[in-house]
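Enquirer: There's a structure below that I have some questions on.
Nothing in this text is a laboratory measurement; each read-out follows from the coordinates by a stated rule. These numbers were taken from a predicted model, which means no experiment stands behind them. Counting neighbours? That spans all protein chains shown, and the Cβs are built from the backbone with ideal geometry, glycine included.
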Amino acid sequence: MSFCNKTAAVLTAAVCLLGTILALEESLSSFRKNQQEGGNPVVKWEKHISQLAKFLPDAIDIGYLSELNYLEARDREFKFIEVDSIGRYYILQYALAPRRVFYSTAYPQVISIFSKSTPVSRQEKRIEEEGLHLVVDIGQGVALYKRQ
Amino acid sequence: MILSLPLAIFVALALGLWLLLVLFPPCKKPTLNEFVLNLALALAIGIGVTSLFLALWMLAFPQQARFYPWGEGILTTILWAAFYYQYRQKILNAFPSREAWRFSIWKPEANAGFLGVSLMAVLGIALVIVLVTFVLLAISFPLGRWDAYMIWNLHARFIFRGGELWHSYMIPELGWSNPNYPLLLPFAVARCWFYVGSETLLAPIALAGIFFLALLGTLVAFLKIVRNTTTGYLGGLFLLGTPFLVNNASWQNADMPLALFFLLAMVAFFLSTAREERGQCWLILAGFLGTLAISTKNEGWLFFLVLFGTAAAFFIYTLGIKRMVKKMGFFLLGALPLLPLAFLFSVFLTPADQIFANGVSATTLLTQLTDSSRWSLTLASFTHNMFFFSSGIDKKTLLCGGVLPLLVYAVLSYRRFGTTNDNNGKDNAAARLAGFIFFAVVILMTAGYFFIYLITPYDLKWHLTTSNHRIFLQIYPILVAAVMLCFPFVQQHEKKPTHTYPASKKGGKRKKS
């Protein structure tokens with residue numbers, strides 16, 4: 001067994017062990033962050049919007065309304081600009097499956113989720129423009145509308 | 001609920017093991033390494049086969065989906081009862097002897113030396129750390145990451161909740177969720193939910209953990225069988241010491257099972273060439289595992305073609321064209337149950353892949369292929385990710401994982417390049433050859449991925465940033481195996497190799513030393 005071969009093995013073991021420790025440290029910080037925030041934000045959000053399920057039949061296509069339209073949101077996503085509206089949309093579809101949620105308002109039932117930064121007046125204007133009628137508001141900017 | 005999830009996994013394992021025992025009836029008790037490799041194979045095959053069964057069930061009886069576990073349970077019981085009645089002794093032979101457990105666990109190998117034993121201890125510590133890391137990540141991100149709830153678990157929810165409309169998401173309007181993606185993983189998750197009767201978050205987490213452990217077990221056991229104990233431990237350490245791989249395992253996406261099927265298919269192909277006994281069965285298995293990769297992710301198509309081409313070239317080189325045709329016939333026989341289904345699924349059931357959705361015109365292709373900026377951007381991304389694919393996690397882990405530690409190891413072990421001597425009486429010319437084949441597959445896969453990026457209709461920068469690091473992850477275990485096969489750690493007590501592998505009839509008798 002050559003010196004180099006032995007060195008290679010020892011070095012590999014050291015670097016790999018370091019790798020596992022760094023990964024552990026990273027996971028610990030994620031864990032602590034979650035504890036401080038009272039749970040994973042995606043899980044909490046999914047649980048919140050799942051409340052809409054009881055107002056909707058199983059086999060239905062639903063629209064989605066947010067501060068950005070689909071093309072704007074996708075464009076920003078491709079440019080790595082933080083886009084809340086599209087992230088919320090993905091989780092909405094996950095929460096409400098097997099219902100199909102489309103990023104469009106051309107459906108009899110539409111769910112609106114606006115970010116906190118969107119002024120209320122702008123939200124109301126968008127809903128009015130679309131001719132939507134409130135069915136239920138479950139809080140945190142999430143509401144189900146019917147087309148009038 | 002507490003017992004239903006383990007039961008789902010146990011039934012998958014039982015079916016996988018049954019299939020393995022039918023293909024390879026054991027004549028002698030396996031060593032612990034062979035047992036671990038068989039266990040990983042049985043789990044992977046079992047999860048794959050049961051996903052396929054559920055897919056067929058959902059096509060035939062979508063309204064009776066909740067009765068699926070009963071159907072599967074009855075089938076498994078019948079298959080095992082028939083097998084037990086016929087081959088009772090062979091079942092008992094499938095498990096290692098008590099001595100093998102004791103010897104293999106507490107005493108790695110007589111010639112492994114102090115370093116070998118120390119490496120085993122380091123591997124054990126690393127494994128414990130990684131398991132704790134995995135659990136912490138699973139608690140912190142119980143839904144997994146983006147791809148899990150945008151794609152894999154979303155599709156599983158449609159299967160579980162949708163009844164006869166389970167495939168209603170397969171429309172171009174939901175293209176962001178990649179509705180054309182294969183369904184092995186979503187069906188595996190939904191199958192566990194059908195057993196449990198509810199959408200427990202533990203199901204995708206447990207499957208992710210199983211895929212990761214099976215990947216680790218496969219690599220370590222394979223290297224220990226083909227090379228030696230110390231080389232096996234070092235290979236395992238390379239996997240455990242890659243933070244991105246450990247993180248990705250908890251993300252609940254399809255890269256980890258895909259990496260497992262890639263590695264298992266390579267291992268089965270190698271064993272088909274190295275073992276005269278039932279070599280054709282290993283080839284059938286390699287073909288089947290290749291199609292399981294196709295059923296996991298679209299990248300599986302590329303892998304299947306690469307493996308097929310590499311295997312054919314290898315057989316032409318070693319056996320000639322005539323025997324190659326016969327050998328590849330066995331490979332295709334293994335692919336037969338799933339390949340047509342996968343093809344029909346991709347072509348008829350789902351919308352076209354986003355990359356090929358609008359067709360690729362010759363002019364566009366030529367423009368993209370001759371665009372130097374696309375080449376340089378792709379090349380830069382490949383180089384970066386090859387060396388630092390862990391960097392997506394944290395800057396601190398930049399030097400851990402990726403090609404760099406492997407390169408350092410290979411440079412320091414350059415004298416052992418292609419050695420045929422492992423000092424444990426095994427045939428290593430075959431192992432060296434396997435190393436070259438594994439390298440060839442990695443190079444061809446990388447070239448294939450490179451080409452796909454060049455012609456992608458997506459924004460190239462976005463596509464590279466969001467996926468390039470993950471595609472390296474898929475082939476990383478094959479790369480680790482290739483490096484460890486070509487640059488093995490030579491254990492302490494030098495001895496001459498005592499036989500060739502596969503044992504040739506001329507002089508291949510093993511001498512007892």
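Enquirer: At a 10 Å Cβ-Cβ cut-off, how would you order B:S250, A:S104, fewest neighbours first? Numbers along the way, then the final one.
Expert: On the way: B:S250 26, A:S104 15.
By the 10 Å Cβ count, ascending, the order reads A:S104, B:S250.
Enquirer: Could you list which residues have their amide H under 5 Å from that of A:L65, counting only those 5 or more apart in sequence or on another chain, with H placed in the peptide plane?
Expert: A:I111, A:S112, A:I113
Enquirer: I want to make sure I understand the PRE zone here: with the label point 7 angstrom from the Cα of B:S373 toward its beta carbon, which residues in the range A:70-85 have backbone N atoms less than 20 Å away?
Expert: Those under the cut-off are A:75-81.
Enquirer: Apply the Karplus curve 6.51 cos²θ - 1.76 cosθ + 1.60, θ = phi - 60°, to the phi angles in the range B:296-309 and return the couplings in whole Hz, x for Gly and Pro.
Expert: With coefficients 6.51, -1.76 and 1.60, one gets 9, 7, 4, 4, x, 4, 4, 4, 4, 5, 5, 5, 4, x Hz.
Enquirer: Would you kindly derive the ³J(HN,Hα) couplings of the range B:43-59 from the backbone phi angles with the Karplus curve 6.51 cos²θ - 1.76 cosθ + 1.60 (θ = phi - 60°), listing them in order in whole Hz, with x for Gly and Pro?
Expert: Per residue, the Karplus-derived 3J(HN,Hα) values read 5, 5, 5, x, 5, x, 5, 5, 5, 5, 4, 5, 4, 5, 4, 5, 6 Hz.
Enquirer: Moving to a separate point now. Give me the tail of P(r) for the range A:41-147 as a percent: Cα-Cα pairs with distance above 23 Å. If you can, show how the numbers build up before the last one.
Expert: On the way: 1150 of 5671 pairs.
It works out to 20 percent of all Cα pairs.
Enquirer: Also: Provide the net charge surrounding B:A8, with neighbours chosen by a C-beta distance below 12 Å and charges set as Lys +1, Arg +1, Asp -1, Glu -1. Intermediate values should be presented prior to the final figure.
Expert: Numbers: positive: B:R191; negative: B:E72.
That works out to 0.
Enquirer: I would also like to ask the following. Roughly how many whole Å is it from the C-alpha centroid of the range A:34-107 to that of the range B:18-34?
Expert: 49
Enquirer: With a point put 7 Å past each Cα toward its Cβ, work out how far B:T318 is from A:L18 in nm, to one decimal.
Expert: About 3.9 nm separates the two model spin labels.
Enquirer: Tell me the mean residue ellipticity at 222 nm calculated for the protein assembly as shown from its helices only (DSSP H runs of n ≥ 4, each -39500 (n - 2.57), averaged over every residue, nearest 500). Please report the intermediate quantities before stating the final value.
Expert: On the way: 26 runs with 421 residues, N = 661.
Taking each H run of at least 4 residues, the total per residue is -21000 deg cm²/dmol.
Enquirer: Most mobile of A:L18, A:L96, A:L132 per a Gaussian network model of chain A (Cα springs, under 10 Å)?
Expert: A:L18
Enquirer: Here is a further query. Can you list residues from other chains, or at least 5 along the same chain, whose modelled amide H is less than 5 Å from the amide H of B:D371?
Expert: Correct list: empty.
Enquirer: Can you compute the FRET efficiency between B:T363 and A:L134 using 1/(1 + (r/R0)^6), with r the Cβ-Cβ distance and R0 = 51 Å? Round to the nearest 0.05. Before the final figure, lay out each step's value.
Expert: Numbers: r = 51 Å, r/R0 = 1.00.
Rounded to the nearest 0.05, the efficiency is 0.50.
Enquirer: Contour minus end-to-end for B:S118 and B:V408, with contour as 0.36 nm per residue of separation and end-to-end as the Cα-Cα distance?
Expert: Numbers: separation 290, 0.36 × 290 = 104.40 nm, distance 2.04 nm.
Gain in length upon complete extension: 102.4 nm.
Enquirer: Nearest 5 percent is fine: what portion of the DSSP beta bridges confined to chain A is antiparallel? Walk me through the intermediate numbers first.
Expert: Working: 11 of 17 bridges.
Antiparallel: roughly 65 percent of the beta bridges in chain A.
Enquirer: Take every DSSP beta bridge whose two residues both sit in the protein assembly as shown, then give the antiparallel share in percent to the nearest 5. The partial results should precede the final answer.
Expert: Working: 11 of 17 bridges.
In the protein assembly as shown, DSSP labels about 65 percent of beta bridges as antiparallel.
Enquirer: Let me ask something else. Mind giving me the FRET efficiency for B:F67 and A:I60? R0 is 30 Å, r the Cβ-Cβ distance, nearest 0.05 is fine.
Expert: According to the calculation, E is roughly 0.70.
Enquirer: Among the listed pairs B:K224/B:K326; A:K44/A:K116; B:K28/B:K326; A:K125/A:K146; B:K29/B:K224, which are separated by more than 21 Å between their Cα atoms? Let's see the in-between values first.
Expert: Details: B:K224/B:K326 30 Å; A:K44/A:K116 17 Å; B:K28/B:K326 29 Å; A:K125/A:K146 16 Å; B:K29/B:K224 17 Å.
Correct reply: B:K224/B:K326; B:K28/B:K326.
Enquirer: Could I ask something else about it? Can you give the Rg/Rh ratio of the protein assembly as shown, where Rg is from the C-alpha atoms and Rh is the Kirkwood radius?
Expert: Numbers: Rg = 25.9 Å, Rh = 26.4 Å.
My calculation of the ratio gives 0.98.
Enquirer: Could you pull out which residues in the range B:276-310 have an amide N less than 16 Å from a spot 7 Å beyond the Cα of B:L333, following the Cα-Cβ vector?
Expert: Answer for this model: B:276-289.
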